[in-house]
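Asker: Structure incoming, see below.
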Amino acid sequence: MKKILITGATGLLGSSLVPHLKKYDYKITTHSLSKQADFMFDLSDKSKTFEMLNKNQPNIIINLVSQTSVELCEEQVHLAYLSNTRSVENITDWIGSSGANCHLIHISTDHVYDGLGEHKEDDITITNNYAFSKYAGELAAARVSSTILRTNFVGRSQVSHRESLTDWVYKATTSGHFVKVLSDVFFSPLSITLLVNMIELVLQKKPIGIYNLGSHNGMSKADFDFAFAESLNLPTNTMTRIETNQAKFLKAYRPKDMRMDSSKFENEMNIKLPSLKDLIEQIAQEYNEAS
Ligand SMILES: NC(=O)c1ccc[n+]([C@@H]2O[C@H](COP(=O)([O-])OP(=O)(O)OC[C@H]3O[C@@H](n4cnc5c(N)ncnc54)[C@H](OP(=O)(O)O)[C@@H]3O)[C@@H](O)[C@H]2O)c1
């Protein structure tokens, strides 16, 4: 049975990925920083990372460890480095030095892009510490047999401590809270449900390299938020469109266009990814079913 270690298993993505993969014939081991998991420690600690990996001897590591707060990464560049770069270096140092037959699936971000999309994989523009530390993490991941997935995702969170963009919109529109939505930031996310399915496919095929993994026909976050609320017949009168230069609550620079061209992934995996419009319908259905 294939042994899979999921690092950063207790976050937004991990909380959907772990139960999904447990349905298959894999032996799953989980890791986190502080939440309940099989191993709990800071992955920037090299000796603890080596100790875990020597003990677990995984065939595949899926690395979801990240400091995902763009604001915190901007304020504390060393923290961004430790969580998003050093932690990956520790994993790949172990794979390299132990000679283990271990493939790494490393989750990265569309935040490494800016300027007019849709971006192909080599069209990098680094604009803040989060993007820089994630890009450096990719370079560390590429030192071993690895699949690096640049992605973004929306959909129902399975844990109370982490909220997705759609959770935030759902909460605001159902509770009547006034929120501001960004009309000049464009993206092309997948649903969490589709992303965990794609990761399962990657587990089987293990393609080597960097791949964009997003939807077709991306849109602005504001258009997405409105379309999502409308597809659930929720009132949108509490949402106001603003541009990022009016968003005084955002201190760090945000890329304006993170839309990705995912044709390299589609060709490699022989699949067709859906449009964001179609995904919104699927995600709305998941919220309907849960309510
Ligand atoms: N969320 C998004 O919208 C988004 C968009 C694009 C790309 N991504 C990428 O997708 C991946 C997963 O994101 P996510 O939203 O699931 O992240 P998340 O919810 O913030 O979860 C991060 C996970 O990493 C663990 N962790 C953080 N720092 C650690 C450290 N220094 N040592 C050990 N564990 C640590 C956390 O443990 P605790 O739970 O114990 O704190 C948690 O399990 C990341 O690579 C992220 O860059 C996310």
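The values are calculated or read from the model by the stated rules, or taken from the named source; none is laboratory data. Quick caveat: nothing in here was measured; it's all calculated off a predicted structure. Don't worry about glycine lacking a Cβ; one is built from the backbone with ideal geometry, like all the others, and counts go over all protein chains shown. Only protein heavy atoms, including side chains, enter the accessible area calculation; ligands, DNA and RNA are left aside. Shrake-Rupley method; radii C 1.70, N 1.55, O 1.52, S 1.80 Å.
Asker: In the stretch 1-22, what residues are within 12 Å of the ligand (Cβ to nearest atom) and part of a loop (DSSP other than H, G, I, E, B)?
Answerer: Hits for the stretch 1-22 are Gly8, Ala9, Thr10, Gly11, Leu12, Leu13.
Asker: Additional query: Out of all the residues in the stretch 28-80, which are surrounded by fewer than 16 Cβ atoms within 10 Å (Cβ to Cβ), in contact with a strand residue (DSSP E or B) (Cβ under 8 Å, 6 or more places away or on another chain) and among the aliphatic types (A, V, I, L, M)?
Answerer: If the condition is that a residue be surrounded by fewer than 16 Cβ atoms within 10 Å (Cβ to Cβ), in contact with a strand residue (DSSP E or B) (Cβ under 8 Å, 6 or more places away or on another chain) and among the aliphatic types (A, V, I, L, M), then Met40 is the only one that fits.
Asker: Now, a different point. Counting only residues that are in a helix (DSSP H, G or I) and either over 24 Å from His161 (Cβ atoms) or touching a residue at least 12 places away in the same chain (Cβ under 8 Å) (or both), how many does the stretch 31-57 have?
Answerer: Within the stretch 31-57, residues that are in a helix (DSSP H, G or I) and either over 24 Å from His161 (Cβ atoms) or touching a residue at least 12 places away in the same chain (Cβ under 8 Å) (or both) number 10.
Asker: Follow-up. Output the number of residues of the stretch 63-91 satisfying the condition of being near the ligand (Cβ under 10 Å from one of its atoms) and within 17 Å of His106 (Cβ to Cβ).
Answerer: Residues in the stretch 63-91 being near the ligand (Cβ under 10 Å from one of its atoms) and within 17 Å of His106 (Cβ to Cβ): 13 in total.
Asker: Within the stretch 92-102, restricting attention to residues that are closer than 17 Å to Thr147 by Cα and open to solvent by 20 Å² or more (accessible area, probe 1.4 Å), which residue is farthest from the ligand (Cβ to nearest atom)?
Answerer: Ranking the qualifying residues of the stretch 92-102, first place goes to Asn101.
Asker: Give the residues of the stretch 84-109 that are under 19 Å from Leu12 (Cβ atoms) and either touching a Lys or Arg at 6+ places or on another chain (Cβ under 6 Å) or of a type in the set (Phe, Trp, Tyr) (or both), sorted by residue number.
Answerer: Selection gives Asn84, Ser108, Thr109.
Asker: Here's a follow-up. Identify, please: which residue in the stretch 104-127 is open to solvent by less than 10 Å² (accessible area, probe 1.4 Å), more than 10 Å from the ligand (Cβ to nearest atom) and farther than 19 Å from Ser263 by Cβ and is, among those, farthest from the chain's Cα centre (by Cα)?
Answerer: Checked the stretch 104-127; the qualifying residue farthest from the chain's Cα centre (by Cα) is Leu104.
Asker: In the stretch 187-227, how many are under 22 Å from Lys2 (Cβ atoms), more than 15 Å from the chain's Cα centre (by Cα) and in a strand (DSSP E or B)?
Answerer: Within the stretch 187-227, residues that are under 22 Å from Lys2 (Cβ atoms), more than 15 Å from the chain's Cα centre (by Cα) and in a strand (DSSP E or B) number 1.
Asker: Is it the case, given these coordinates, that Phe249 is aromatic (Phe, Trp, Tyr), within 26 Å of Leu72 (Cβ to Cβ) and modelled with pLDDT of 95 or more?
Answerer: Considered against the rule, which asks whether it is aromatic (Phe, Trp, Tyr), within 26 Å of Leu72 (Cβ to Cβ) and modelled with pLDDT of 95 or more, Phe249 comes out as no.
Asker: I'm checking my understanding of the structure. Among residues of the stretch 138-157 that are farther than 29 Å from Ile280 by Cβ and touching a strand residue (DSSP E or B) at 6+ places or on another chain (Cβ under 7 Å), which one is nearest to the ligand (Cβ to nearest atom)?
Answerer: Of everything passing the filter in the stretch 138-157, Ala141 is nearest to the ligand (Cβ to nearest atom).
Asker: Continuing with this model, one more query. Please give the number of the condition Ala229 fails out of (1) within 28 Å of Leu72 (Cα to Cα); (2) among the small types (Gly, Ala, Ser); (3) open to solvent by less than 10 Å² (accessible area, probe 1.4 Å).
Answerer: If we test Ala229 against (1) within 28 Å of Leu72 (Cα to Cα); (2) among the small types (Gly, Ala, Ser); (3) open to solvent by less than 10 Å² (accessible area, probe 1.4 Å), just (1) comes out false.
Asker: Do we have any residue at all in the stretch 58-73 that's in contact (Cβ under 8 Å) with a residue 12 or more places away in the chain, over 25 Å from Ser133 (Cα atoms) and more than 20 Å from the chain's Cα centre (by Cα)?
Answerer: Looking for residues that are in contact (Cβ under 8 Å) with a residue 12 or more places away in the chain, over 25 Å from Ser133 (Cα atoms) and more than 20 Å from the chain's Cα centre (by Cα), one finds at least one in the stretch 58-73, hence yes.
Asker: Does Gly99 fit the bill of being out of contact with any helix residue (DSSP H, G or I) (no Cβ under 8 Å at 6 or more places or on another chain), within 29 Å of Asn59 (Cα to Cα) and not hydroxyl-bearing (Ser, Thr, Tyr)?
Answerer: So Gly99 passes the test.
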